[in-house]
Every structure is written in structure tokens, then in C-alpha cells.
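One structure is given here, and the rest of the page talks about it.
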Amino acid sequence: MKYSNFESQNHDLFMNLESAIYVNSEIGRLEKVIVHRPEEGISRISPKRSDELLFDDIVYLPQIQAEHDTFTSVLKKFIGEENVLYLHDLLLEALDADQQAQEEIIARIIDFEELPSKYIKTLSQLENHRLTDVLISGYLEEEDLILFDPIPNFIFTRDIAVTIKDQVIITRAAKEARFRENFLTRFIFLRTPCLKN
């Protein structure tokens, strides 16, 4: 399967971000941050599968969400609410911005997760807000179906990309359990209007 349109945007990504991102210090003042609020997928991790999904803890979702909300409220007080960007919102913006790229990311994830191709149509017909939830959690509520594993480590946003001066380097996890994070991160950085400009 070819994804050339999606992948060919890499050069444009770095060119477009020059004015938007510039980091030259690990200890300088934080101006903007990307976070991911723990979602339903985390609650589907069982002790039996925790090692496979690279998530050591079995968590109580309401508690971990409350702790995350406290953390982000502190961030918002220091850097401003508009400077705390949520991965869910960025993915939704990216899906809204480019229909062709949306179809490509759906096809890529379906192919990677080795699902029947009929799910390309199923996911393509979802409203973008629901599609965002499914791409992150793996759960298709409309059919009460788990399409693919959750990506619990998406909450560790420090792992998905690195900025060096005006360049964004999207990391690639060594473990397959984190590959969907990489697909989604690339899509977000390539297609989200606030990151492109």
C-alpha cells in the first residue's frame, strides 16, 4: 500500500514550522506544551496484557484523569490555557483539515493493525470527533467492538517527538505496541493547521 501523499509532506513540515517552533534549551521557560488526557483505552489494560502493551500500572481511570486534570490546570496557570494543547484536539483539527490525508491515515492504521479492509469504510463514515476517539482508544462504540489495542503510553507525550531549534523530530518507538502513536503523531504534525503555520 502506498502513502506517498502523506509521507511526502515531511519536507514541508519542517519548512512550515520554522516560525512556529524554536527550542534551544531543555531548562528554558516553557511556552507551549502538548498533553494527552488519559482516556477509556487505559481502562482496558489487564494485568495479563500490561507487559505486552508496555504499561506497568493498572490504573483507576477516574483517579488518573483527576490527577492529569490537576497537572494541566497548573500548566494553564503558568503558561496560559491557550498554550496547553491536547493531542485529541490536535488530531481532530488534523482530521477536519484534510479529507484525503484522513483517508490515508485510516488506511494505514487498518493495514498496520491487520484489520479487514471493510473497516476503512466504517471508520471513514464516522464523524471526526468519534473517529478521533477510535483512532486513540481502539474502541468502536457504535458496534461495541474493540478494533485494536489501546495506546496507553500516548500520555507520555515527551516520547513522541523532540524539538531541536526549529526542527521537529518525530521519534519511532522500538516496540510495536507504540507504532500507532507514531502514525498519529506524524499525522498531527503534518496536518494540524496550528502546527503547520
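The values are calculated or read from the model by the stated rules, or taken from the named source; none is laboratory data. Worth saying up front: this structure is predicted, and the values here are computed from it rather than measured. Positions of Cβ are generated from backbone atoms using ideal geometry, with glycine treated the same way; all protein chains shown enter the neighbour counts.
Annotations
- Among (1) modelled with pLDDT of 90 or more; (2) under 20 Å from Gln65 (Cα atoms); (3) within 14 Å of the chain's Cα centre (by Cα), the one test that Pro152 misses: (1)
- Hits in region 98-116 - residues which are out of contact with any Ser or Thr (no Cβ under 7 Å at 6 or more places or on another chain) and surrounded by 14 or more Cβ atoms within 10 Å (Cβ to Cβ): Asp98, Ala101, Gln102, Glu104, Ile105, Ala107, Arg108, Ile109, Phe112, Glu113, Leu115
- Considered as a group, the residues in region 169-195 that are more than 11 Å from the chain's Cα centre (by Cα) and crowded, with 20+ Cβ neighbours inside 10 Å include one that is modelled with the lowest pLDDT, and that residue is Leu195.
Results for (1) modelled with pLDDT of 80 or more; (2) closer than 13 Å to Pro150 by Cα; (3) buried (at least 16 other Cβ atoms within 10 Å of the Cβ), shown as yes or no for each residue.
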residue	(1), (2), (3)
Ile34	yes, no, yes
Lys48	no, no, no
Leu53	no, yes, yes
Phe78	yes, no, no
Val84	yes, no, yes
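- For Ile64, the conditions (1) closer than 19 Å to Asn182 by Cβ; (2) at pLDDT below 90; (3) crowded, with 16+ Cβ neighbours inside 10 Å are fulfilled apart from (1).
- Within region 131-146, at least one residue is among the charged types (D, E, K, R), without any contact (Cβ under 8 Å) to a residue 12 or more places away in the chain and touching an Asp or Glu at 6+ places or on another chain (Cβ under 8 Å).
- Criterion violated by Ile42 - all others in (1) at pLDDT below 90; (2) within 22 Å of Phe187 (Cβ to Cβ); (3) not in a helix (DSSP H, G or I) satisfied: (3)
- Pairs with Cβ under 7 Å, 6+ apart, first in region 149-163 and more than 20 Å from Leu30 (Cα to Cα), second of a type in the set (Lys, Arg) and assigned to a loop (DSSP other than H, G, I, E, B): Pro150/Arg44
- Ile136 vs. criteria surrounded by 20 or more Cβ atoms within 10 Å (Cβ to Cβ), touching a Lys or Arg at 6+ places or on another chain (Cβ under 9 Å) and closer than 22 Å to Glu93 by Cβ: yes
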